[in-house]
């Protein structure tokens, strides 16, 4: 359809798998599963509901008569009751017991929790695969010295692999938060119109002990460990805020990674994948713009700002229930997940195809290394009998002069030549160049990388090995 708005999240960015989780079909089939679970619990706890009625509900659980539901909703203006009616048309024997004792939030809110939990698990699957791919990159380049930057100014060298562990560390924090949220997702259960279960007190003739079993039984049938212990008509909207904050955290990490890749691509040290027929610019045919990393940044900005929506919703709910959450939830929650899904696919695709240029990396490092090696040079000169304070001042002067040559005259760094020509140091050019071995200036970067991957990351990958092996498909 080209004559109406379609979300770019569906058309361009999110996977089919994530889109299905938030599809109407997934939602309404989950409603029916919840109605079946409720009927089974009520049957098992002694209400006058037969196995024949439950079997009829199960037989029609997947075959939703959408046309009947849509027609009914035009009449009654209520989506839940329209689907109760449609389900009843297919299940004449069970018609009278569908949704017994429940409110709309029984299917609506429990389905939201179920869908968000499933979506979080898909996010985890993709996050684990990004971590896996990034850990391989870190190990491959753990020994490759590169110029490090603080304030984007040249600083003491690190290695390409060690830099990748910084991206990994951010993702590890996200994974910890994600696991915590997944492990603590709880259903609403069946609490009634204001959370008091008054309707069930009526159905079960005041039997509190029996009513206390309902939520736990529903949770078990739906694959959850528990329901929220107390609620109003809805589950606390802080749950949505908690969930989207986790997505925001992943977006923050991905954005930071994309920034670094874009800067490295500017330096021509590392590039994101670039297809053979890809066009970088409509005007400048030679350009290789880092468009995937830029898209990560763009979508990440959306997810981070989207986390404000459930925060505002949660903070403005009135007492046991208001309906100023519904329209916002329909937009902010699915779109947050669809966007983070697209981000992780891009992240995985970029890491999987990163191109490293060791010669460019070495060239830039060697231009700056003489400045960083001055302390080593000074120490060697002191060992040979020089005066530390005198040598320090001479190095300062030579460094300033060499810096002017580079910045003002545009010439190569001649600091080593200046030091070799200064008798106070008593060092030849060959001796100075011997000090200029990059691996002598990276500290424990290679060891830190290997230890981090081996001791921290690999156990996580091993415990999640059943979800490894993903390849990201990028639509555009």
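A few remarks follow.
- In degrees, nearest ten, helix 238-266 long axis to first principal axis of the chain (Cα): 30
- Gain in span if fully extended, residue 184 to residue 226, counting 0.36 nm per residue against the direct Cα distance: 14.2 nm
- Rh (Kirkwood; distinct C-alpha pairs) - the stretch 306-400, Å: 19.7
- The angle between the Cα long axis of helix 160-183 and the main principal axis of the chain comes to about 20°, on a 0 to 90 degree scale.
- The ranking of 333, 382 by Cβ neighbour count inside 10 Å, starting from the fewest, reads 382, 333.
- Enclosed volume per residue, in Å³, of the convex hull spanned by Cα atoms of the stretch 430-476: 141
- Calculated volume of the Cα convex hull per residue in Å³ (choose from (i) 142; (ii) 205; (iii) 220), label: (ii)
- Its residue count N fixes a reference of 2.2 N^0.38 Å for the stretch 138-198, and the Cα radius of gyration divided by that reference is 2.16.
- Cα gyration tensor shape for the stretch 329-476, rounded if a/c is under 1.5, else prolate or oblate: prolate
- Counting neighbouring beta carbons within 10 Å and listing from fewest to most, the residues 257, 274 come out as 274, 257.
- One quarter of the convex hull surface built on the alpha carbon atoms of the stretch 390-476 amounts to 11.8 nm², the projected area averaged over directions.
- Nearest-ten-degree value, helix 104-140 long axis tilted from longest Cα axis of the chain: 20
A short reminder: the numbers here are calculations on the coordinates, not readings from a lab. Only a predicted model underlies this, so the values are computations on that prediction, with no experimental measurement involved. Neighbour counts are summed over all protein chains in view; Cβ atoms, including those assigned to glycine, are modelled from backbone coordinates with ideal geometry.
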